[in-house]
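Engineer: What follows is a single structure, and I will ask about it in a moment.
The values are calculated or read from the model by the stated rules, or taken from the named source; none is laboratory data. Predicted model only: the values in this text are computed from it and were never measured. Backbone-built Cβ (ideal geometry, glycine too); neighbour counts: all protein chains shown. Only protein heavy atoms, including side chains, enter the accessible area calculation; ligands, DNA and RNA are left aside. Shrake-Rupley method; radii C 1.70, N 1.55, O 1.52, S 1.80 Å.
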There are 2 protein chains.
Amino acid sequence: MPQPPAPRRTLGRPPRISREEMVAAARRIVDAEGVDRLTMRRLATEIGSTPMALYHHVRNKDQLLVLLLDDYAVRTLRRPEVPDEPRERVVAAAAAIHEALADCPWIVEVLTADDLMSASALWFVEQIVDGLVAGGLSPERAVHGYRAIWYYTAGEIMIRATAARRRRTDDGPTYRDQVFAALDPDELPRLSEVAQRWAPLTAEDTYLDGLRALVDGLLAAR
Amino acid sequence: MPQPPAPRRTLGRPPRISREEMVAAARRIVDAEGVDRLTMRRLATEIGSTPMALYHHVRNKDQLLVLLLDDYAVRTLRRPEVPDEPRERVVAAAAAIHEALADCPWIVEVLTADDLMSASALWFVEQIVDGLVAGGLSPERAVHGYRAIWYYTAGEIMIRATAARRRRTDDGPTYRDQVFAALDPDELPRLSEVAQRWAPLTAEDTYLDGLRALVDGLLAAR
DNA sequence: GTGAGTTTCTATACATGTAAGAAAAGTAGC
DNA sequence: GCTACTTTTCTTACATGTATAGAAACTCAC
């Protein structure tokens with residue numbers, strides 16, 4: 001009823017852990033033992049707490065990973081020299097994001113977050129959108145163009161990271177190998193032609209080529 | 001008189017469940033109750049077995065989902081009329097894959113599988129690779145081009161599906177909303193300019209636009 | 001028949017994320 | 001002091017994927 005006019009001191013039980021502490025501890029665990037070892041229980045013991053206490057500072061484990069990625073971005077994203085030429089500016093900014101993310105491929109699950117807008121990454125987004133506008137696109141189309149670039153970039157990282165992980169854990173012939181072994185050259189001539197080279201070809205890193213093609217296409221569309 | 005004990009070549013205890021039965025039961029569960037209800041235990045009871053018995057027909061739950069997607073692809077992927085013109089053939093084939101996958105967005109986790117090449121999807125891959133070759137690319141570059149298209153397509157589906165799921169479960173302002181509310185117009189002018197329109201803009205379905213840009217760029221690259 | 005070999009199935013157990021609710025540790029007003 | 005309220009922490013419990021060990025059900029050689 002008589003709600004205090006709120007001199008706003010800290011009310012309630014004082015917290016013993018903070019988000020920042022959690023993220024720092026999580027980073028230590030990931031750096032030292034790998035992301036697989038990062039569990040809510042492990043993190044809780046690391047900071048001398050209990051698993052459920054963490055949930056007052058973080059909605060769920062996914063959000064913890066998002067914060068972790070954010071922290072990583074803040075620490076490692078350095079703004080590169082961006083060229084003036086719009087096309088190259090877009091490519092440079094996207095490539096910088098890609099390079100940073102590809103270096104910590106454990107965030108794959110997190111990458112599907114809608115935009116992955118850590119505040120420290122926004123500068124790169126700005127470069128991309130601005131570059132597209134400078135290249136002649138309307139602001140609306142520039143946002144769409146940025147999204148296309150993000151889809152391509154995130155997809156590349158997620159798919160390549162999963163493939164790499166699978167290569168480590170799996171042994172024996174892949175499902176893909178079986179499928180390619182049974183190709184009918186009459187029905188699928190092109191695929192038969194490249195069947196043996198498929199694995200090495202798809203293992204190559206052609207992110208930049210695809211990115212350039214996409215940016216070219218976006219800018220060419222008036 | 002039908003010979004009851006057919007000359008059984010198979011050694012060991014005869015199986016009581018099969019992969020096909022598993023996939024069919026899994027499909028029933030997913031169709032009727034949603035993918036969240038598809039658990040190994042639920043599937044086991046559905047076919048009158050035990051959870052661990054399933055693991056003799058499937059390596060893990062992920063593989064079950066891959067089989068489910070495969071089954072889905074076989075049933076729903078219909079080969080469309082593809083134009084002769086290379087560029088349009090590539091776009092049509094990619095769009096067909098995209099449309100089919102976007103209709104069952106529960107396979108998001110599975111999409112990161114390296115290629116997700118169900119045998120029934122290979123025809124579409126053939127169209128894309130062949131279209132790129134017809135457009136002037138070498139077979140190697142055509143494979144790379146196909147991969148770029150796949151990255152873009154899978155990324156789009158994964159990110160949009162996650163965003164849609166989040167929209168259902170979350171309430172309250174997004175992290176993104178907070179970030180955009182705190183934009184500094186001096187440092188990030190373009191983003192500030194479109195900040196209010198960001199949510200609707202990124203909610204639009206612009207897959208085809210991006211795809212066309214990407215294909216254009218791939219074909220224009222010499 | 002019996003026993004060996006092979007494959008499939010079952011029982012049990014564990015680590016994980018996290019829901020639900022009780023308890024603790026503060027502040028504010030009396 | 002005490003009570004009311006608020007916020008954080010702790011306890012307990014559950015569903016899930018799956019590892020492990022062994023039991024069960026079959027064929028084959030004898």
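Engineer: Report the accessible area of A:Asp36, computed with a 1.4 Å probe over the heavy atoms of all protein chains in place, in Å² rounded to the nearest 10.
Structural biologist: Number for this one is 130 Å².
Engineer: Can you tell me the orientation of helix B:61-76 relative to chain B, as the angle in degrees between its alpha-carbon axis and the longest Cα principal axis, to the nearest 10?
Structural biologist: Helix B:61-76 sits at roughly 80 degrees to that axis.
Engineer: Compute the Cα gyration tensor for the stretch B:144-222, then decide on rounded, prolate or oblate, letting a ≥ b ≥ c be the square roots of its eigenvalues: rounded whenever a/c is under 1.5, prolate when a/b is larger than b/c in the other cases, and oblate in all that remain.
Structural biologist: Cα axes put the stretch B:144-222 in the oblate bin.
Engineer: Pop out the ³J(HN,Hα) list for the stretch A:79-88 in order, Karplus 6.51 cos²θ - 1.76 cosθ + 1.60 with θ = phi - 60°, rounded to Hz; leave Gly and Pro as x.
Structural biologist: 6, x, 5, 9, x, 6, 4, x, 3, 5
Engineer: Looking only at B:Arg147, B:Arg13, B:Arg176, which one moves most when chain B is put into a Gaussian network model with springs between Cα atoms under 10 Å?
Structural biologist: Maximum fluctuation in the GNM of chain B, among the listed residues, is at B:Arg13.
Engineer: Sum -39500 (n - 2.57) across every DSSP H segment of at least 4 residues in the protein assembly as shown, then divide by the residue count to get the 222 nm mean residue ellipticity, nearest 500.
Structural biologist: -19500 deg cm²/dmol, from helical runs alone.
Engineer: When each copy gets a label point 7 Å from Cα toward the beta-carbon at B:Glu33, what are the spacings between them in nm, shortest first?
Structural biologist: So the distances to the same position in the other copies read 3.5 nm.
Engineer: Right, here's the next one. Between 0 and 90 degrees, rounded to the nearest ten: what's the tilt of helix A:19-33 against the longest Cα principal axis of chain A?
Structural biologist: 50
Engineer: Projecting each Cα onto the charge dipole of the protein assembly as shown (Lys/Arg +1, Asp/Glu -1 at the beta carbon, about the Cα centre), which of A:Phe124, B:Tyr146, A:Thr39 comes out farthest on the positive side?
Structural biologist: So the residue we want is A:Thr39.
Engineer: Placing a label point 7 Å from Cα toward Cβ, how far apart in nm is B:Thr76 from its equivalents in the other copies, listed shortest first to one decimal?
Structural biologist: Listed shortest first, these distances are 3.6 nm.
Engineer: For the protein assembly as shown, take the convex hull of the Cα atoms, compute a quarter of its surface area, and give me that in nm², please.
Structural biologist: Result: a mean projected hull area of 29.6 nm².
Engineer: Can you list, shortest first and in nm, the gaps between the label point of B:Asp205 and those of its counterparts in the other copies, using a point 7 Å from Cα in the C-beta direction?
Structural biologist: 3.6
Engineer: Using a ≥ b ≥ c from the Cα gyration tensor of the stretch A:16-144 (square roots of the eigenvalues), is it rounded, prolate or oblate, where a/c under 1.5 gives rounded and otherwise the larger of a/b and b/c decides, a/b for prolate?
Structural biologist: prolate
Engineer: So, one more: Using a 1.4 Å probe, how large is the accessible area of A:Val82, given in Å² and rounded to the nearest 10?
Structural biologist: 40
Engineer: List the residues whose amide H sits under 5 Å from the amide H of B:Ser49, counting only those 5 or more places along or on another chain, with H placed 1.01 Å from N in the peptide plane.
Structural biologist: none
Engineer: Running a GNM on chain B with Cα contacts under 10 Å, which residue among B:Pro80, B:Pro14, B:Pro105 ends up with the highest mean-square fluctuation?
Structural biologist: Evaluated over chain B, the most mobile residue of the options is B:Pro14.
Engineer: Which loop trypsin sites (Lys or Arg not before Pro) in the stretch B:1-91, with loop taken from DSSP, have no more than 16 other Cβ atoms within 10 angstrom of their Cβ?
Structural biologist: Hits after loop and neighbour filter: B:Arg8, B:Arg9, B:Arg16, B:Arg59, B:Arg78.
Engineer: Quick check on the stretch A:80-220: take the gyration tensor over C-alpha atoms, sort the square-rooted eigenvalues as a ≥ b ≥ c, and tell me if it's rounded (a/c under 1.5), prolate or oblate.
Structural biologist: It comes out prolate by the Cα gyration axes.
Engineer: Continuing with the same structure: Can you give the mean number of other chain Cβ atoms that lie within 10 Å of the Cβ atoms in peptide A:123-131?
Structural biologist: 3
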